[in-house]
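First the structure, in the form of structure tokens, and then the observations on it.
The values are calculated or read from the model by the stated rules, or taken from the named source; none is laboratory data. Nothing here was measured: the structure is a model prediction, and the numbers come from that model. No Cβ is skipped: glycine too gets one built from the backbone with ideal geometry, and neighbour counts run over all protein chains shown.
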Amino acid sequence: MLIEKRLAELGLELPEPMKLPSGVDLPFPWIRVIGTRAFISGHGPLLADGSLPPELGKVGTDVTLAQAYEAARSTALSMLSSLRRELGDLDRIKAWVRVFGMVNAAPGFTQAPTVINGFSDLILELWGGEAGSHARSAVGLAELPFLIPVEIEAEVLIDSAE
Amino acid sequence: MLIEKRLAELGLELPEPMKLPSGVDLPFPWIRVIGTRAFISGHGPLLADGSLPPELGKVGTDVTLAQAYEAARSTALSMLSSLRRELGDLDRIKAWVRVFGMVNAAPGFTQAPTVINGFSDLILELWGGEAGSHARSAVGLAELPFLIPVEIEAEVLIDSAE
Amino acid sequence: MLIEKRLAELGLELPEPMKLPSGVDLPFPWIRVIGTRAFISGHGPLLADGSLPPELGKVGTDVTLAQAYEAARSTALSMLSSLRRELGDLDRIKAWVRVFGMVNAAPGFTQAPTVINGFSDLILELWGGEAGSHARSAVGLAELPFLIPVEIEAEVLIDSAE
């Protein structure tokens, strides 16, 4: 349980599963495993109890750059929480593969890469520069669900033993 | 021909291939098969004859939520039409893998997930909860080609026999 | 070195690696290889020396359609430059798989496919219609980093020998 140990050393806890706003139905899993590939649905930041954080809306106006960086870091934790539930042990993740980072961009906000670094920096801190390395895009979207400032989808390589 | 049978039971027909507006050249296939992975180019809703539907533009202003849900369902049929032409038999699709749903969002329209449910609900109805399950993101885009309200790209797992 | 030869015949040179604006940290590789899959991070257009071109901003207002087509073609060269550094030889690319083309769209600009054709046309010219074929989406984004008019991410299939 190496990754769990590192999370504990960093004082980080994984949030509860997302509490959906009433009336919302999401008919898909947070993680879809196909052989050794695990596809990760779009995740956003969550508080410890799985509810949405108060920092919502457009990055650059409603949400500051620093808050958005934290939201991307929080999104990594949401994703790890889903991965732990699905895989049982985060050490089964052998390599990060692809990360697609979407920022809820106010008009003229072009610093999506700096925002999504909040995600990448934590993944690299936990998995190191080889396994944690990932291809990435970080771009500004017009609108994100639930007014979340950041949404990230990804793919990881896992071992096949279950 | 199990999936075909279910489509018939639901009274659904797959549309003709997309009729491109004059002057438009799309130099890529709708489906790209690499081994057992089939990558699906961005599809939109189509009428039975392959032409664009009248409900075009921004969801939230030009197009209602209910119309957009139907457009996402129609997009699934467009995609299945392309897959049937490429694979010969839709039963060759063993698992849905990844779905990336893009909504042509009017400013402030944050209900992309509800829209893209029109796609997911039909795929689940046809393939069931195991093979039909898929990782998904559903987000609001600034502009989509041809003013379509919804565009979806995806990946499926297919059998290797041809 | 077949692809290199074709590039030379077309009079095309690959740019230097991207020179990052000061203060920008991108903690990820341009290419992530996992077995025979190479995942390509979001790339944009570059001048020969790796700096950003002068045509920046929204396509449809700041940048014309023709300039954006050229930017997408230039983005292909940026990507090939990264792939050559990572793979050693571009002939190791056996098939193009998936291309996701993002256009920095001015309000009402719906011609993303025509823009991204600048990328696809060059890839097809270099690899031919079989290996160069790719699943594709081409859509309008709200904001792109560094005000680049086009950003493209992709996946290619490579041989496994190194």
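Just for the range B:125-150: of the residues that are part of a helix (DSSP H, G or I) and of a type in the set (D, E, K, R), which one is surrounded by the most Cβ atoms within 10 Å (Cβ to Cβ)? Filtering first and then ranking leaves B:125.
Being more than 14 Å from chain B (Cβ to nearest Cβ), part of a helix (DSSP H, G or I), surrounded by fewer than 21 Cβ atoms within 10 Å (Cβ to Cβ) and in contact (Cβ under 8 Å) with a residue 24 or more places away in the chain holds for only one residue in A:47, A:12, A:77, and it is A:77.
Screening B:59, B:33, B:24 for residues that are more than 10 Å from chain C (Cβ to nearest Cβ) and either among the β-branched types (Val, Ile, Thr) or under 17 Å from the mean Cα position of the chain (by Cα) (or both) leaves exactly one candidate, B:59. Selection of first residues in the range B:101-115 that are under 10 Å from residue B:150 (Cβ atoms) and of second residues that are of a type in the set (Asp, Glu), restricted to Cβ pairs under 6 Å at least 6 apart or on distinct chains, gives the following pairs, ordered by first then second residue: B:102/B:151. On the basis of being facing chain A (nearest Cβ under 9 Å), touching a strand residue (DSSP E or B) at 6+ places or on another chain (Cβ under 8 Å), buried (at least 24 other Cβ atoms within 10 Å of the Cβ) and β-branched (Val, Ile, Thr), does residue B:103 make the cut? Criteria met by residue B:103.
Residue-level check: of (1) surrounded by fewer than 19 Cβ atoms within 10 Å (Cβ to Cβ); (2) modelled with pLDDT of 95 or more, residue B:31 misses just (1). With respect to being aliphatic (A, V, I, L, M), under 23 Å from residue B:11 (Cβ atoms) and surrounded by 23 or more Cβ atoms within 10 Å (Cβ to Cβ), residue B:115 fits the description. Among the criteria (1) farther than 24 Å from residue A:36 by Cα; (2) touching a Ser or Thr at 6+ places or on another chain (Cβ under 9 Å), the one residue A:101 does not fulfil is (1). Does the range C:80-98 hold any residues that are closer than 20 Å to residue B:35 by Cα and surrounded by fewer than 18 Cβ atoms within 10 Å (Cβ to Cβ), and which are they? Answer for the range C:80-98, where residues must be closer than 20 Å to residue B:35 by Cα and surrounded by fewer than 18 Cβ atoms within 10 Å (Cβ to Cβ): C:91, C:94.
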